[in-house]
1. Among the residues of region 175-196, write down those that are in contact (Cβ under 8 Å) with a residue 12 or more places away in the chain and more than 12 Å from residue 131 (Cα to Cα).
2. Would you confirm whether any residue within region 172-187 is within 18 Å of residue 94 (Cβ to Cβ) and modelled with pLDDT under 95?
3. Here is a list: 196, 209. Which entry is in contact with a helix residue (DSSP H, G or I) (Cβ under 9 Å, 6 or more places away or on another chain), at pLDDT 95 or above and surrounded by fewer than 20 Cβ atoms within 10 Å (Cβ to Cβ)?
4. Considering region 1-51 alone, what residues qualify as being closer than 21 Å to residue 124 by Cβ, modelled with pLDDT of 90 or more and outside any helix (DSSP H, G or I)?
5. Could you check region 36-74 and list, in sequence order, the residues that are out of contact with any helix residue (DSSP H, G or I) (no Cβ under 7 Å at 6 or more places or on another chain) and surrounded by 21 or more Cβ atoms within 10 Å (Cβ to Cβ)?
6. Regarding residue 162, is this residue surrounded by 19 or more Cβ atoms within 10 Å (Cβ to Cβ) and closer than 25 Å to residue 38 by Cα?
7. Can you tell me which residues in region 53-69 are in contact (Cβ under 8 Å) with a residue 24 or more places away in the chain, over 18 Å from residue 203 (Cβ atoms) and under 14 Å from the mean Cα position of the chain (by Cα)?
8. Any residue in region 93-112 that's on the phi > 0 side of the Ramachandran plot and surrounded by fewer than 19 Cβ atoms within 10 Å (Cβ to Cβ): show its pairings with residues that are at pLDDT 95 or above and in a helix (DSSP H, G or I) at Cβ separation under 9 Å, as long as the two are six or more apart or on different chains.
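The values are calculated or read from the model by the stated rules, or taken from the named source; none is laboratory data. Here the structure is a predicted model, which means the values were calculated and not measured. Cβ: placed from backbone, ideal geometry, glycine included. Neighbour counts: every protein chain shown.
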């Protein structure tokens, strides 16, 4: 009797996590985020981080509209995850309405934005960037938000919106539901591999942005 190798294959979420663990750890342990969680980055550096994120999210959420009707990807594009407006509001609080003058997009961010924009014609790649950004915000981003609130005295309605997901009461449960939705996708191997490759790319861009932000670390 032939062996059912499909039954022994890892779930899609497990495949993505296992194949990109090194990328994830490399990005989160690079100099800037490590210094940030230790409270060693001046407020200007944190504002620059928010600005670089804002440029990426603005394009990510514009491209999102192209994929809302996709039967596989559309269900992941939950409006409760949107971060662009929250970032813009935090930046106005911290740096005023002309925040983009003092914090233009870095070369790494420009490359990242271009990669995100290219996903307008590729729903699988768009899902990869969506997965990388939003699940990161619902895990490590929550911790960074708490550190920033403590380090810079944020909160109480001032510049604490980025880490606040209205309508998502349990981020851990939401992450589990997101991964379960990934596992329910009946994708062939080549599409799964395309997703993994695009997640690799997303992490590489995130690490490059962090490397540029390391100029704020003494």
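1. Within region 175-196, the subset in contact (Cβ under 8 Å) with a residue 12 or more places away in the chain is 175, 178-183, 185, 187, 191-192, 194-196.
180, 183, 185, 187, 191, 192, 194, listed by residue number.
2. Just the residues of region 172-187 that are within 18 Å of residue 94 (Cβ to Cβ), to begin with: none.
No: zero hits.
3. On the way: 209 fails: surrounded by fewer than 20 Cβ atoms within 10 Å (Cβ to Cβ).
Unique residue meeting the criteria: 196.
4. 11 - this is the single residue of region 1-51 that is closer than 21 Å to residue 124 by Cβ, modelled with pLDDT of 90 or more and outside any helix (DSSP H, G or I).
5. 64
6. Values: surrounded by 19 or more Cβ atoms within 10 Å (Cβ to Cβ): yes; closer than 25 Å to residue 38 by Cα: yes.
For residue 162, the condition - surrounded by 19 or more Cβ atoms within 10 Å (Cβ to Cβ) and closer than 25 Å to residue 38 by Cα - is met.
7. 54, 58, 64
8. 96/102
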